[in-house]
Every structure is written in structure tokens, then in C-alpha cells.
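Right, one structure below, let's go through it.
The values are calculated or read from the model by the stated rules, or taken from the named source; none is laboratory data. Please read all numbers here as calculations on a predicted model, not as lab measurements.
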Amino acid sequence: MSDFISTLCNLRLLKATLKDVELSTLEIALEKLTLLVEEKRKEKEAIEREQELKNGVVNDIRNLLENSNLTIDELTDLLKKGKIEPQGPIKRNVPPKYIFTDKDGNEQTWTGQGRTPSLLKECMLRENKPIEAYLVKSSQKEDN
């Protein structure tokens, strides 16, 4: 393929190669070559327009960031999640799953997440009951 391009780009070689080709065939080849050149030109212009558009958007975003208190990290977070969340751990209000009474008679609760509280373990040993006995019933959950 590179030999073809070399011949096409060198007038002396092109004349020597096409010396026996009829004029009508050369005109057809010229039309097709002209069409290809126009297609390439349009593709290049479209790519340049798209790049200009992207550069404009980037400049707009840069200006907005400079004029606001947003950081790049916050913007990335906003784009991923649809909103900016405060920094730090997320705290959820999880209803208690277990309810029990400690040795002092105080009612305690546990969500069932994390390690089992030592107070619950002591209560289970003291009352000789399995952990299932301390599950919060649905009527108790509604009260909390």
C-alpha cells in the first residue's frame, strides 16, 4: 500500500505508471479521488468542531469551579452519585433488633450489627436463653 501512495504522490512516477491509461479512466479515478478527499476534509472538520466544543465545555467548567467553592473531588462525586455528600462516615439510623435487660435492670438494645455486646452475652448466660429469645417483636419495633 505504501508503494501505491508513493507513486500517487510522485508526479514523475504517476505519469510513468498511468501513461497507457485512457483519459476517461483517469477522469473516473479523479472523481473518486476527489470524493475521498472531500470525505476526509469533512471528517477532519467534524473532529475539529467536536474538539472545539469540548474545549469550550472544559473552559466553562474551569470557570465555574474557579468561581465556586467546589473542588474537583466534589464535582466527581456529584457526577457519580447525582449529589454531593458530606465528608466523613455515613451514619444510619438502624432500628434495634435485640432488646434485653442488664444486671442493673436497665433495658438495653442492639441493632444486630457488629460484635455482640458483652452485656447481652452476660444476660444470655445469666438467664440461660439463646440470642433468639431477645429478638424485638414487630409490635415493639413500632413503639421505638
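Of all residues in the stretch 123-137, how many are modelled with pLDDT of 90 or more and either of a type in the set (A, V, I, L, M) or assigned to a helix (DSSP H, G or I) (or both)? Reasoning before the result, please.
Looking only at the stretch 123-137, we keep the residues that are modelled with pLDDT of 90 or more, and these are 123-135.
Retained after the next criterion (residues that are either of a type in the set (A, V, I, L, M) or assigned to a helix (DSSP H, G or I) (or both)): 123-127, 131-135.
The total comes to 10.
The conditions of being within 23 Å of the chain's Cα centre (by Cα), in a loop (DSSP other than H, G, I, E, B) and over 30 Å from residue 5 (Cα atoms) are not met by residue 55.
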